[in-house]
Amino acid sequence: EPEVTQTPSHQVTQMGQEVILRCVPISNHLYFYWYRQILGQKVEFLVSFYNNEISEKSEIFDDQFSVERPDGSNFTLKIRSTKLEDSAMYFCASSEPTSSGANVLTFGAGSRLTVL
Amino acid sequence: AQSVTQPDIHITVSEGASLELRCNYSYGATPYLFWYVQSPGQGLQLLLKYFSGDTLVQGIKGFEAEFKRSQSSFNLRKPSVHWSDAAEYFCAVGGGYNKLIFGAGTRLAVHP
């Protein structure tokens, strides 16, 4: 079964450092997303991406965050200068159009970011 | 405002007992509804979804959910729980290609 793959599975970084989280969405999917889950809390939407541009972003997704689809397969989330509160599990997801117009997201296993 | 409420933070059931996890939503348009499961240290796996039609939907692992528009609910059920069902369960709502909005989750523990 096709899956969304994320790397790294766990990254530890110092506060102020730049971090890039990578995702390979399912190959025929057109919509891409990043969500995050702070330990013990709910899954929160960060950003959605379609047709090589951001289609929606949350208030969490400030100027410290950026996304990119540098080639035909990868979808990356960059945090320019990490803060302690960026420590979380980051989930990438992708979706394909359905006949009903609904949106079924397939999630990756997540990348756990720890900021020290 | 769009939101999802899962009233039960933590539920414990005995193996073989029935299970119902509650979910209420607030959404301005016709909602698409989902249940995802997250095992410890794992990602989110789709259990089932409701788009339209029959309000009782079947999912994987023997789960089902019923959409009740009048109650704005989409409760998840399983007639007989297995120890391997211990996980966190998230209800989510979305529309079209918009983002999914997740509830806070319900952590299920299963006693032998």
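The values are calculated or read from the model by the stated rules, or taken from the named source; none is laboratory data. None of the values given here were measured: they were computed from a predicted structure. Using ideal geometry, Cβ is built from the backbone for each residue, glycine included, and neighbour counts are taken over all protein chains shown. Quick note on the areas: whole protein, heavy atoms, side chains included, nothing else; ligands and nucleic acids left out. Shrake-Rupley method; radii C 1.70, N 1.55, O 1.52, S 1.80 Å.
Just a few scattered comments:
- Put simply, of B:21, B:48, B:56 the only residue that is open to solvent by less than 10 Å² (accessible area, probe 1.4 Å) and farther than 23 Å from residue A:108 by Cα is B:21.
- Extreme residue, farthest from the other protein chains (Cβ to nearest Cβ), among residues of the range A:79-96 that are open to solvent by 20 Å² or more (accessible area, probe 1.4 Å) and among the hydroxyl-bearing types (Ser, Thr, Tyr): A:81
- Test: residue in the range A:27-46 that is open to solvent by less than 60 Å² (accessible area, probe 1.4 Å), more than 10 Å from every other protein chain (Cβ to nearest Cβ), closer than 24 Å to residue B:88 by Cβ and of a type in the set (Val, Ile, Thr): yes
- Considered as a group, the residues in the range B:59-74 that are farther than 27 Å from residue A:110 by Cα and of a type in the set (D, E, K, R) include one that is surrounded by the most Cβ atoms within 10 Å (Cβ to Cβ), and that residue is B:66.
- Pairing residues of the range B:16-41 that are at positive phi with residues that are open to solvent by 40 Å² or more (accessible area, probe 1.4 Å) and modelled with pLDDT under 95, at Cβ distances under 9 Å and at least 6 apart in sequence or on separate chains, gives B:41/A:109.
- Count - residues of the range A:1-26 that are within 11 Å of chain B (Cβ to nearest Cβ) and part of a strand (DSSP E or B): 3
Okay, residues lined up against (1) assigned to a strand (DSSP E or B); (2) surrounded by 12 or more Cβ atoms within 10 Å (Cβ to Cβ); (3) of a type in the set (Ser, Thr, Tyr):
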site: B:16; (1), (2), (3): no, yes, no
site: B:29; (1), (2), (3): no, no, no
site: B:76; (1), (2), (3): yes, yes, no
site: B:84; (1), (2), (3): no, no, yes
site: B:98; (1), (2), (3): no, yes, no
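- Selection from the range B:81-97 of residues that are within 22 Å of residue B:55 (Cβ to Cβ), more than 7 Å from every other protein chain (Cβ to nearest Cβ) and either more than 13 Å from the chain's Cα centre (by Cα) or among the basic types (Lys, Arg) (or both): B:95
- Filter result for residue A:106 (polar (S, T, N, Q) and over 21 Å from residue B:38 (Cβ atoms)): no
- Scanning the range A:82-96 for residues that are under 14 Å from residue A:25 (Cβ atoms) and more than 10 Å from the chain's Cα centre (by Cα) gives A:95, A:96.
- In the range A:39-54 there is at least one residue that is in a loop (DSSP other than H, G, I, E, B) and among the aliphatic types (A, V, I, L, M).
- Filter pass, residue A:99 being open to solvent by 60 Å² or more (accessible area, probe 1.4 Å), within 14 Å of another protein chain (Cβ to nearest Cβ) and assigned to a loop (DSSP other than H, G, I, E, B): yes
- Positions within the range A:55-67 being modelled with pLDDT of 95 or more, surrounded by fewer than 17 Cβ atoms within 10 Å (Cβ to Cβ) and not in a loop (DSSP other than H, G, I, E, B), in sequence order: A:66
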